[in-house]
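The values are calculated or read from the model by the stated rules, or taken from the named source; none is laboratory data. Computed from a prediction, not measured in an experiment: that's the story for all the values here. Quick reminder, even Gly has a Cβ in these numbers, built from the backbone with ideal geometry, and neighbours come from all protein chains shown. Calculation scope for accessible area: heavy atoms of the full protein, side chains included, ligands and nucleic acids excluded. Shrake-Rupley method; radii C 1.70, N 1.55, O 1.52, S 1.80 Å.
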Amino acid sequence: MPMFNDFGFTDEQKMMRQSLLKLAERALPPAKIRELDRTDGWPTEAYRALAKDGWLGLPYPTEYGGLGGGYKDIAILLETLSYHYACFGTTYMTSVIYAGLQLLHSDNEGLRRDYMVPMIKGDLYLAFALTEPQTGSDAASIKTYARADGPDYVVNGQKWFITSAHVADYLVLVVKTDPDVRPAHSGFSMLLVDTRAPGVSIKPIETMGRHTTHTNQIFFDNVRVPGRNLIGAKNGAWKALMRGLNLERMCIAACGAGNAQKAVEIAQDYATQRIQFGQPISRFQVIAHKLADMRIKAEMARLVTYRTAEMMDAGADARMETAIAKIVATDNDFECAHIGMQVMGGAGYSMEHDMQRLFRDSRLGPIGGGSNEIQRNIITKLMGL
């Protein structure tokens, strides 16, 4: 990331970023990214490279083979991977952050040793399944139900927009285990479900962007899950889910910041080489100001992300800041890609250039992980409004 400085990073964090950039360039070259985007492929080799170099263990304690990294370390990793390719950051985040950390915090040592440790080694891939067709922002209204049957649970229901479920070995699945309790979320539990279990059916959803880590619908038809695969306390999942939201928002912000930087770089490179009326179009003020606006937006995305990560590392209450970071970074990411398309004109709209992919991929940011409208609701509530 030659245009963006690393002020405030430790020497180890600077080395980490350089190492990750080299890994990404080696394991996921531009031609491979375009192929994956075109074919809805998955970055298997690149993910294995992350596992081989130990990066899947960054947020995990050393006793489980992790690196014991902090929130700022996670932000640097995700920003770097997403700068290279937005879906690379999501590939990491889905298994390591969204799903894997639920196992870490579950107090179930068996699940940690049998599933979390292999995940850290890259031997297993996990996906996180919460959203349903009628429950997006209203997560408390999920209907997928797990009925106790002897020592097991029997699951029926449907999940929707589940990232990378098509390549997952296991799902961290949010279900109702007490359908009568009020409020409804007091009856939620989490189960670790084998995607190969009888009754599990996974079907991809065709979307505008994010073709590599595309989303899926999942059907559960009398799926039997061992009782030992209960993650955390029965009917106690809501508290665990809320605990992870700050980290989720910060991670999404870091990914947006990385993708925004790539948009700036692509647009600037094009504008300095594209000749019109006898000079590079970057010499025209109308274009130069667009590039300046892109740089401002990308910098703002980075600043709010790292400030939030540092607050979280310090143990501060960052609920307001994570919501702000998610809004600013994802909106600015999309706006950078949008302005970049205008700078490049027809070339940006062409499939020959990468800007159209950044535009498509960035559009999910303000929608997913709690829409930016929901984030504003959180902010206003914390403001006492």
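At Arg147 and Ala292, where each label point lies 7 Å from the Cα along Cα→Cβ, what is the point-to-point distance in nanometres?
Inter-label distance under the simple model: 6.7 nm.
What's the magnitude of the charge dipole for the stretch 28-107 around its Cα centre, counting Lys and Arg as +1 and Asp and Glu as -1 at the beta-carbon? Answer in Debye, nearest 20.
Using Cβ point charges on Lys, Arg, Asp and Glu, the stretch 28-107 gives about 200 debye.
Considering all alpha-carbon pairs of the chain, what whole percent are spaced by more than 30 angstrom?
Tail of the P(r) past 30 Å holds 39 percent of the pairs.
Using only Cα atoms, locate the centre of the stretch 73-90 and the centre of the stretch 136-150, then give the distance between them in Å, rounded to an integer.
32
According to a simple spin-label model (label point 7 Å from Cα along Cα-to-Cβ), what is the distance in nm between Asp317 and Asp138?
2.9
Apply 1/(1 + (r/R0)^6) to the Cβ-Cβ distance of Gln285 and Ser186, taking R0 = 56 Å, and write down the FRET efficiency to the nearest 0.05.
Efficiency computed from Cβ-Cβ geometry: 0.40.
Over the Cα atoms of the stretch 48-205, what Rg and Dmax result, in angstrom?
16.3, 49
What's the magnitude of the charge dipole for the stretch 307-370 around its Cα centre, counting Lys and Arg as +1 and Asp and Glu as -1 at the beta-carbon? Answer in Debye, nearest 20.
Using only the charged Cβ atoms, the result is roughly 200 debye.
Find how many whole Å separate the alpha carbon centroid of the stretch 203-282 from the alpha carbon centroid of the stretch 43-64.
18
Taking a virtual spin label 7 Å from the Cα of Asp169 along the C-beta vector, which residues in the stretch 11-53 bring their backbone nitrogen under 14 Å of it?
Answer for the stretch 11-53: 48, 51-52.
Evaluate E = 1/(1 + (r/R0)^6) for Phe219 and Thr380, where r is the Cβ-Cβ distance and R0 equals 30 Å; express this FRET efficiency to the nearest 0.05.
Efficiency, rounded to the nearest 0.05: 0.20.
Can you find, among Leu192, Gln158, Tyr170, the residue sitting farthest towards the positive end of the charge dipole of the stretch 142-210, where Lys and Arg contribute +1 and Asp and Glu -1 at Cβ?
Comparing the listed Cα positions along the dipole, Gln158 ranks first.
Rounded if a/c is under 1.5, else prolate if a/b is larger than b/c, else oblate: which is the stretch 50-138, with a ≥ b ≥ c the root eigenvalues of its Cα gyration tensor?
Oblate, because a/c is 1.5 or more while a/b does not exceed b/c.
How much accessible area per residue does the chain have, counting only protein heavy atoms and a probe of 1.4 Å, in square angstrom?
Solvent-accessible surface per residue comes out at 44 Å².
Using Cα-only point scatterers and the Debye equation, what is log10 of I(q)/I(0) for the stretch 330-385 at each q in 0.15, 0.16, 0.31 Å⁻¹, rounded to two decimals?
Calculated log10 I(q)/I(0) at the listed q: -0.51, -0.55, -1.10.
For the chain, what is the mean residue ellipticity at 222 nm derived from helices alone (per DSSP H run of n ≥ 4: -39500 (n - 2.57); sum divided by total residues; nearest 500 deg cm²/dmol)?
-15000 deg cm²/dmol
For Arg228 and Thr39, what is the calculated FRET efficiency with R₀ set at 56 Å and r taken between the beta-carbons, to the nearest 0.05?
Rounded to the nearest 0.05, the efficiency is 0.90.
What residues of the stretch 275-292 lie in the reach of a label at Phe7, counting those whose backbone N is under 19 Å from a point 7 Å from the Cα along Cα→Cβ?
The answer is 292, whose backbone nitrogens lie closer than 19 Å to the label point.
Under 22 Å Cα to Cα from Lys203, which lysines show up? Leave out anything in the same chain fewer than 8 places away.
Candidates past the 8-residue exclusion: Lys143, Lys159.
For every other residue with a beta carbon closer than 14 angstrom to the beta carbon of Thr212, add +1 if it is Lys or Arg and -1 if Asp or Glu, then tell me the sum.
Net charge in that neighbourhood comes out at -1.
Pull out a ≥ b ≥ c, the square roots of the eigenvalues of the alpha-carbon gyration tensor of the stretch 88-168, then state rounded if a/c is under 1.5, prolate if not and a/b is larger than b/c, and oblate in the remaining case.
oblate
Among residues other than Tyr170 whose Cβ falls under 12 Å from its Cβ, what is the net charge (Lys/Arg +1, Asp/Glu -1)?
Net charge around Tyr170: -3.
As an exercise, find the ratio Rg/Rh for the stretch 31-97 from alpha-carbon atoms, using the Kirkwood inverse-distance average for Rh.
Over the Cα atoms of the stretch 31-97, Rg/Rh equals 1.01.
Over its Cα atoms, what ratio of radius of gyration to 2.2 N^0.38 Å does the stretch 1-121 give?
1.09
Just to check, using Stokes-Einstein with a Kirkwood Rh over alpha carbon pairs, what's the diffusion coefficient of the stretch 218-372 at 10 °C and 1.306 mPa s in µm²/s?
90
As an exercise, identify the chymotrypsin sites (Phe, Trp or Tyr not before Pro) in the stretch 6-80 lying in DSSP coil whose Cβ has no more than 10 other Cβ atoms within 10 Å.
Sites meeting the loop and neighbour criteria: Phe7.
If the convex hull of the alpha-carbon atoms of the stretch 288-385 is projected onto planes in all directions, what is the mean projected area in square nanometres?
7.1
Work out the length of the dipole vector of the chain about its Cα centre, built from +1 on the beta-carbon of each Lys and Arg and -1 on the beta-carbon of each Asp and Glu, and round it to the nearest 20 debye.
It works out to roughly 340 debye.
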